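Take a look at the structure below.
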Amino acid sequence: MSPIRSATIAALASAVVATTLTGCQFGGAEQDTSPIVIAADLELSGAAAPVGRAYQRALELKRDQLNSSGALNGRKIELKVKDNRSDSAESLRNIADFSSDSRVSAIVMGGCNECAVGAVGTINEKRIPTIALAASGAIASPVAERRYMFKLGPNAPDSAAALTTELRRNNIRKVGMLVSDDDYGREGATALKSELDKVNITLREQKVKTTDTVVSQQIQLLASGKPDALVFWTPPEQATLAATSAQQTTFRGSLFFDASAAGDLFLGAAARATERATMIFTQTMVIDDVIATTPAKAARRQWFQDYTARFGGYNGSSSFAADAVQLIADAERRAGGEVGKVNRNGIRDVLETSQMDGLSGPIRMTPDNHSGLMPQALTTLVARNGRWRLAG
């Protein structure tokens, strides 16, 4: 082979390598095919396990939908899930592990209020964007001290206002309230009392630990005050326990559930006790009752159908987990940065100005408000024939 021909071949080979390595110069920007790794700290065992497992199912379904849709431009979502055992100390260890993994773009935390509030300091220190699905307002406020923490799910003041509207519409004058003895429960009791005071409705409350499996004593005490209605501001399992306990007393008034009491669509063994009960929650829980007149409503109906088809039922909280995945995936794509490397600061900045009509309803994040679910997402549901239905 001649020296000239050898030199030519070598030059061509070098050009091919250069083109492969620096595609931005010869064929457009290099495509990022690295996975989008989302970590999840969930209550998969312990007192809150039913809700935690619903979140896990929703995360996995949303991951599969996005991965098969082609919307991620060749990238795939990977989930990294740890069980916090419904324990805030275990949750904090999980958060520390996730933070030290440079592949993790962001964290989704489950429904444990104490876990999320307790992790705020570590999340800020590690600068890892986190979306909590728990309800306590202290998770996302004050924003100046929670720059990397965001929240999806109903807010106590919004739920209290909506409940008060329904109580007043039903001419209720005396209310007994069973409330969980945690951050969200205390917020709820304060918010509901403030709203009820405005319309001259009296309130008497009994507290219950989130781990209690018997609530009959508290219900008996509330019933003895002869209220017109009982409000259950507790996790789902306790709310259905409370309804069953109320049925065994002399109480014959109306039952009202806060959004935190939303669980499965079908009420099962508690169907009789909860018949005609009212709940404040998102429309997605009963989207099969709604005519899909907008793309957002059509998407919610499709989500409801897909979840039901895969898991044989529907859990109201699932849409919050799915929306968290969508928010993180969108933020990852918009954050920019070096190909193949996670830009956590960029993701945080995008999350802080995110807006979408989510599966849960309208979501708006701002630099002054990291709790994204809008009050308009809440509506009134009624238990009829063993399942929740849209009121009216």
Exercise for review: Using packing as a proxy for protection, rank 305-311, 372-378 so that the peptide with the highest average count of other Cβ atoms within 10 Å comes first.
Suggested key: 372-378, 305-311
Check your understanding: Which percent, nearest 5, of DSSP beta bridges in the chain are antiparallel?
Key -> 30 percent
Practice item. Return one whole number: the accessible area per residue of region 62-177 in Å², for a 1.4 Å probe. Key: 39 Å²
Review point. If you compute Rg/Rh (Cα atoms, Kirkwood Rh) for the structure shown, which of (1) 1.09; (2) 0.94; (3) 0.99 do you land on?
Key: (1)
Check your understanding: What is the calculated FRET efficiency for residue 384 to residue 298, with r their C-beta to C-beta distance and R₀ = 35 Å, to the nearest 0.05?
Key -> 0.90
**Study point:** Reachable lysines from residue 193, criterion Cα separation under 28 angstrom, eight or more residues apart if same chain
**Key:** 151, 174, 207, 209, 226
Point to revise | Simple Cβ-charge dipole of the chain, Lys/Arg +1 and Asp/Glu -1, about Cα centre, in debye nearest 20 | key: 620 debye
Exercise for review: Could you tell me which trypsin sites (Lys or Arg not before Pro) in region 322-363 are loop residues by DSSP with no more than 13 other beta carbons within 10 angstrom of their beta carbon?
Suggested key: 341
Review point. If you keep only loop residues by DSSP, which trypsin sites (Lys or Arg not before Pro) in region 101-159 have at most 15 other Cβ atoms within 10 Å of their Cβ?
Key: 103, 127
Exercise for review: Averaging sequence separations of C-alpha pairs under 8 Å and six or more residues apart, then dividing by the length of the chain, give the relative contact order as a whole percent.
Suggested key: 16 percent
Point to revise | Reach of residue 82 by Cα under 15 Å, taken over aspartates and glutamates that are not fewer than 8 positions away in the same chain | key: 41, 43, 60, 90, 97, 101
Check your understanding: Rounded, prolate or oblate: which one fits region 173-262, using the alpha carbon gyration tensor with axes a ≥ b ≥ c (rounded when a/c is under 1.5, else prolate when a/b beats b/c, else oblate)?
Key -> oblate
Exercise for review: Lys and Arg at +1, Asp and Glu at -1: add these up for the other residues within a Cβ distance under 13 Å of residue 291 and post the number.
Suggested key: +1
Practice item. State the Cα centre-to-centre distance between region 100-165 and region 242-271 in whole Å. Key: 28 Å
Point to revise | Per DSSP, loop trypsin sites (Lys or Arg not before Pro) in region 199-251 with at most 16 further Cβ within 10 Å | key: 209
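The values are calculated or read from the model by the stated rules, or taken from the named source; none is laboratory data. Everything numeric here is computed off the predicted structure, so don't read it as measured data. Methodologically, a virtual Cβ is constructed for each residue, glycine included, from the backbone with ideal geometry; neighbour enumeration extends over all protein chains shown. With ligands, DNA and RNA removed, areas are computed over all heavy atoms of the protein, side chains included. Shrake-Rupley method; radii C 1.70, N 1.55, O 1.52, S 1.80 Å.
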